[in-house]
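*Asks:* One structure coming up, written as structure tokens, with questions to follow.
The values are calculated or read from the model by the stated rules, or taken from the named source; none is laboratory data. Since the model is a prediction, treat every value here as computed from it, not as a measurement. Methodologically, a virtual Cβ is constructed for each residue, glycine included, from the backbone with ideal geometry; neighbour enumeration extends over all protein chains shown.
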Amino acid sequence: MKYIIVLLLACVMLFYYVIQEKKMEKEAAQKQSVQKVISKSTSEKKVHLTPKKKNFIHLVLPAIDNTYKRLEARYYKISQDMKNHTNQEEIQRLKKKYNAKSDEDLLARLKPHPVSIVLAQAAMESSWATSRFTKEANNIFGMWSVNENEPRIAAGETRDGNRTIWLKKFETIDDAVQAYYDMIARGGAYQRLRVLRMQYDNPYKITPGLDKYSEMGADYGNIVNKLIKYNQFTKYDKH
């Protein structure tokens, strides 16, 4: 009887070790599988820049980045002036220029939103800097013109059957970027965007304020977000 009990205990222990070994093998296989998925995801996140995209970045990024830095410096300077009650003449001039009703309103109009958003919009509106408007007018944002006395070009299409669409013509890409930021600062359609960029630095939380930029409505901001994410444009933002 004693030997039978010992034999049974030995069988139980052997069975236990076999089960544990299989469990460890299963866990190792699962770990290896997860690692493969991680490696695949990492490789998929590497963005391949086509010649068209490389040319776009080379052409557009310096202008956007330089304008952003200049506007950001102005924003912080004016903010400090308001706290110190200095430079009042310049503050009043800017309020008039941007139709600001208060100090807080002016700051909301002066604060620039992240480079990633501007890059994505420029890519979308200019077809990666290949559109006729970009080549002939440096208009990378598809900005319309309603002033017949300013430099502009016809869009080559009409609206409402017979009304010609005109687009602004700029001397340089830098001028186009400045005009874009000024439009956002002045336009009543972008009040929500101005509020959001005062609250957040995260571009994905700011883009819903672009719902009035296009007839696409809320879908426009969603597409901009997809462009930012897929092309990893946030790497160009200030951190």
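*Asks:* Which of the residues spanning segment 166-175 are buried (at least 16 other Cβ atoms within 10 Å of the Cβ) and either farther than 22 Å from Lys95 by Cα or in contact with a helix residue (DSSP H, G or I) (Cβ under 6 Å, 6 or more places away or on another chain) (or both)?
*Replies:* Hits for segment 166-175 are Trp166, Leu167, Lys168, Lys169, Phe170, Ile173, Asp174.
*Asks:* Still on this structure, please answer the following. Taking the condition without any contact (Cβ under 8 Å) to a residue 60 or more places away in the chain, β-branched (Val, Ile, Thr) and not in a helix (DSSP H, G or I), does Thr164 pass?
*Replies:* Here the answer is yes, as Thr164 does meet what is asked.
*Asks:* Output the residues belonging to segment 180-190 that are surrounded by 15 or more Cβ atoms within 10 Å (Cβ to Cβ) and free of Cβ contacts under 8 Å to residues at least 60 places away in the same chain.
*Replies:* Met183, Gly187, Tyr190
*Asks:* Can you confirm whether Ser127 is at pLDDT 95 or above, in contact with a Gly (Cβ under 9 Å, 6 or more places away or on another chain) and over 19 Å from Ala185 (Cα atoms)?
*Replies:* no
*Asks:* If you don't mind, another one. Residue pairs, Cβ under 6 Å, 6 or more apart or interchain, first in segment 82-94 and touching a residue at least 60 places away in the same chain (Cβ under 8 Å) and over 14 Å from Asp105 (Cα atoms), second surrounded by 12 or more Cβ atoms within 10 Å (Cβ to Cβ) and of a type in the set (A, V, I, L, M). List them.
*Replies:* Note: no pairs meet the criteria.
*Asks:* Let me ask something else about it. Taking segment 230-239 on its own, how many of its residues are part of a helix (DSSP H, G or I) and polar (S, T, N, Q)?
*Replies:* 1
*Asks:* Kindly establish whether Leu227 is part of a helix (DSSP H, G or I) and in contact (Cβ under 8 Å) with a residue 60 or more places away in the chain.
*Replies:* Details: part of a helix (DSSP H, G or I): yes; in contact (Cβ under 8 Å) with a residue 60 or more places away in the chain: yes.
Criteria met by Leu227.
*Asks:* Collect the residues in segment 99-122 that are surrounded by fewer than 17 Cβ atoms within 10 Å (Cβ to Cβ) and either touching a Phe, Trp or Tyr at 6+ places or on another chain (Cβ under 7 Å) or under 19 Å from Tyr213 (Cβ atoms) (or both), keeping them in residue-number order.
*Replies:* Listed by number, the list holds a single entry, Asn99.
*Asks:* How about segment 125-144: which of its residues are touching a Leu at 6+ places or on another chain (Cβ under 6 Å), in a loop (DSSP other than H, G, I, E, B) and within 13 Å of Phe170 (Cβ to Cβ)?
*Replies:* Matches in segment 125-144: Asn139 only.
*Asks:* What are the residues in segment 191-224 that are surrounded by fewer than 19 Cβ atoms within 10 Å (Cβ to Cβ) and part of a helix (DSSP H, G or I), if any?
*Replies:* Residues of segment 191-224 that are surrounded by fewer than 19 Cβ atoms within 10 Å (Cβ to Cβ), as a first pass: 191-192, 195, 198-202, 204-205, 208, 211-212, 214-219, 222-223.
Of everything in segment 191-224, those that are surrounded by fewer than 19 Cβ atoms within 10 Å (Cβ to Cβ) and part of a helix (DSSP H, G or I) turn out to be Gln191, Arg192, Val195, Met198, Gln199, Tyr204, Lys205, Pro208, Ala218, Asp219, Asn222, Ile223.
*Asks:* Please count how many residues of segment 71-88 are outside any helix (DSSP H, G or I) and among the aliphatic types (A, V, I, L, M).
*Replies:* Number satisfying all stated conditions: 0.
*Asks:* I've got another one for you. Only one residue in Ala137, Ala154 is farther than 25 Å from Asn99 by Cβ, out of contact with any helix residue (DSSP H, G or I) (no Cβ under 9 Å at 6 or more places or on another chain), of a type in the set (A, V, I, L, M, F, W, C) and touching a residue at least 12 places away in the same chain (Cβ under 8 Å), so which one is that?
*Replies:* So the residue among Ala137, Ala154 that is farther than 25 Å from Asn99 by Cβ, out of contact with any helix residue (DSSP H, G or I) (no Cβ under 9 Å at 6 or more places or on another chain), of a type in the set (A, V, I, L, M, F, W, C) and touching a residue at least 12 places away in the same chain (Cβ under 8 Å) is Ala154.
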